[in-house]
Amino acid sequence: MSEYKTLFLNEKDSVAMALSDIPAGAQVTVKAEEREICVKILEPIRFGHKFAVRAIPQGDDIIKYGEVIGAAVVPIDVGEHVHVHNLEGKRGRGDKVV
Amino acid sequence: MTRLFNEKLQFWGYRRSDGRVGVRNHVLILPTITCATQTAQRVTELVSGTVTFIHQHGCAQVGTDYDQTARTYAGMGMNPNVYGVIVLGLGCETHQAHRIGDEIAKCGKPVQTVSIQEHGGTLQTIAEVAKIAVKMVQDASMVQRELCDFSELIVGTECGGSDACSGLSANPAVGRTSDMLVEQGGTAILAETTELIGAEHLLANRAAHDSVAKKAYAVIKMMENRSIQMGVDIRTGNPSPGNIEGGLSSLEEKSLGAATKSGTSRLEEVIDYAQRPTKKGLVWMDTPGHDIEQLTGMVAGGAQIVLFTSGRGTPTGSPIAPVIKISTNTPMFERMNENMDLDAGTIVDGKETVGEVGGRIMKEIQAVANGKLTKAEILKQHDFGIWRIGPTF
């Protein structure tokens, strides 16, 4: 049903990747190993960028490749763009040292 | 286990007196001090077959920082892609040319040392170095290539100007190539410690011994502590603005993509910057993520060829080692075609598998080892940069 290519790397992941530019409002189907997840894209997602495949509460780890890539700094809805505005890296954070 | 490559691969290389094999036959004019780099450059304009590099180091350096720079110079000279070396000093610098020259000479190749102060200035020195170079280049041209096994190869791997495709296409393909190289008895270097922060546990789990796993965690901790001690968020430097534009959101995300370059082989050892691997197989060299500094470290460590993946595109090359540049996506491969050698964007488009591209990279390594010029060589991209670990005094 979806005309936009996406990539979901690991069953544990909370994000998927756009393999084409996806406009806001598009319905995409993310193919996982044993299921399909339908996501309504809330804002434009450019090629190579990520969107949430499930709701991520503020402070929760964000998972890609089945591993932690950072934490949510605000609550993130399904279909939202996940990037530096709402995801923070947790490593090498000298700025967080008191 | 099924073999990744069904034949034993060989290439035509230059056997050196210490037994190592080069894929190029350069005469290197090696300035140990920034003050001598311009003179070295003039000589390469006069004498065909010579190469050099510009840098800003070699004086007022102390301790481990002094040692690391010295090791890098000597390693460049000892790289088997170099037939012979003319070490050029000013005369008064901390990195004395004759000391570097003596170190390189231990591997048995022709080495001569020249000092600008002793030779009475720039013009006399250019004439002196050029005369030595003419003879060395002619001697080098008499060396014949011979058939060598892939087990003689040390291949560096790196990624720079990464995008979100890096971890899906070019890096996993290079990982497959890395596994194929290891299967052939060769050596693959994984580098850029900074860009393994967040993925270190995956590598430590593949370590040959506990001591190797411990060193993997130790070099990660040291690298991460540098940003913590500075009181800065490492993301102010890495991922870079180009990485972020390409869709990478954090260093951890970039690292998990970067680590796929290492394939699935056992991690044999973790070595210092510009150090020669003591084992064959997969080794991790402790370098920063900076493209040119890690490239220089691996080449000084003896890599004859380097694989370099990029999503944003890069002109990078080395004065003495061919760098095969692999794009993560096809649009960039087409846009920057004079800089890129291979395209792994076919994986994203579903036209080729990771294994197919990995095999294609192996074939390209063979062609380049046999003498095929890379784009960076043709464009004279002679990049060089030393990872400095102390202040200049």
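The values are calculated or read from the model by the stated rules, or taken from the named source; none is laboratory data. Please read all numbers here as calculations on a predicted model, not as lab measurements. Glycine gets a Cβ as well: all are built from the backbone with ideal geometry, and neighbour counts include every protein chain shown.
Of note:
- Hey, B:Asp343 in contact with an Asp or Glu (Cβ under 9 Å, 6 or more places away or on another chain), touching a residue at least 24 places away in the same chain (Cβ under 8 Å) and acidic (Asp, Glu) or not: no
- Scanning region B:198-252 for residues that are more than 8 Å from chain A (Cβ to nearest Cβ) and among the acidic types (Asp, Glu) yields B:Glu200, B:Asp210, B:Glu245.
- Against the conditions (1) of a type in the set (Ser, Thr, Tyr); (2) under 23 Å from B:Val182 (Cα atoms); (3) in a loop (DSSP other than H, G, I, E, B), B:Thr316 satisfies every one except (2).
- Residue pairs whose Cβ atoms lie under 7 Å apart, sitting 6 or more positions apart in sequence or on different chains, and linking a residue in region B:202-229 that is within 24 Å of A:Lys96 (Cβ to Cβ) to a partner that is among the hydroxyl-bearing types (Ser, Thr, Tyr), are B:Val219/B:Thr193; B:Ile220/B:Thr193; B:Met223/B:Thr193; B:Met223/B:Thr194.
- Residues in region B:116-162 that are farther than 20 Å from B:Ile305 by Cβ, touching a Leu at 6+ places or on another chain (Cβ under 7 Å) and surrounded by 22 or more Cβ atoms within 10 Å (Cβ to Cβ): B:Ile116, B:Val129, B:Ser162.
- The criterion of at least 1 residues that are under 28 Å from B:Thr122 (Cβ atoms) and not assigned by TED's automatic domain parsing to the domain that holds B:Val354 is met by the following strands (runs of 3 or more DSSP E) wholly inside region B:1-100: B:26-31, B:82-89.
- Residue list for region A:68-94, restricted to those being touching a residue at least 12 places away in the same chain (Cβ under 8 Å), closer than 16 Å to B:Ser255 by Cα and either charged (D, E, K, R) or more than 11 Å from chain B (Cβ to nearest Cβ) (or both): A:Glu88, A:Lys90
- Among the conditions (1) touching a helix residue (DSSP H, G or I) at 6+ places or on another chain (Cβ under 8 Å); (2) modelled with pLDDT of 95 or more, the only one that B:Gly289 does not satisfy is (2).
- Of all residues in region A:26-35, none are within 13 Å of chain B (Cβ to nearest Cβ) and in a loop (DSSP other than H, G, I, E, B).
- Hits in region A:44-73 - residues which are at positive phi and either surrounded by fewer than 21 Cβ atoms within 10 Å (Cβ to Cβ) or part of a loop (DSSP other than H, G, I, E, B) (or both): A:Gly48, A:Gly59, A:Tyr65, A:Gly66
- Lone qualifier among B:Thr309, B:Thr264 - being touching a residue at least 60 places away in the same chain (Cβ under 8 Å), of a type in the set (Val, Ile, Thr) and not in a loop (DSSP other than H, G, I, E, B): B:Thr309
- Check on B:Gln68, out of contact with any His (no Cβ under 7 Å at 6 or more places or on another chain) and either modelled with pLDDT under 95 or surrounded by fewer than 19 Cβ atoms within 10 Å (Cβ to Cβ) (or both): no
- B:Gly13 being surrounded by fewer than 17 Cβ atoms within 10 Å (Cβ to Cβ) and more than 13 Å from B:Phe384 (Cβ to Cβ): no
- B:Asp179 satisfies every condition listed in (1) farther than 30 Å from A:Arg91 by Cβ; (2) over 17 Å from the mean Cα position of the chain (by Cα) except (1).
- Here B:Arg276 meets each of (1) surrounded by fewer than 24 Cβ atoms within 10 Å (Cβ to Cβ); (2) in contact with an Asp or Glu (Cβ under 9 Å, 6 or more places away or on another chain); (3) modelled with pLDDT of 95 or more with one exception, condition (2).
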